[in-house]
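Values in this text are rule-based calculations from the coordinates and carry no lab data. Everything numeric in this text was worked out from a predicted model, so none of it was measured. Neighbour counts run over all protein chains shown; Cβ positions are idealised from the backbone, glycine included.
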Amino acid sequence: MLGWALVFLILALVAGFFGFSGIAGASAGIAQILFVIFLVLLVISFLARALRGRPPV
């Protein structure tokens, strides 16, 4: 999922460079949403691992 966020971020940067503001805004929004979802899932996985008694790697 982080890979998709990076793809949309790069697409937003390229579209912004060429002046496609609508596409750049949409891609940046998608990248932000995916990045936040990735971070939430990361925190949940760390908490689940800690609650099971295994130390984080």
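Do we find that GLY25 is in a loop (DSSP other than H, G, I, E, B) and loosely packed, with under 15 Cβ neighbours inside 10 Å in this structure?
Considered against the rule, which asks whether it is in a loop (DSSP other than H, G, I, E, B) and loosely packed, with under 15 Cβ neighbours inside 10 Å, GLY25 comes out as no.
When residues of the stretch 28-54 are filtered for being among the basic types (Lys, Arg) and either closer than 22 Å to ALA12 by Cβ or exposed (fewer than 12 other Cβ atoms within 10 Å of the Cβ) (or both), how many remain?
2
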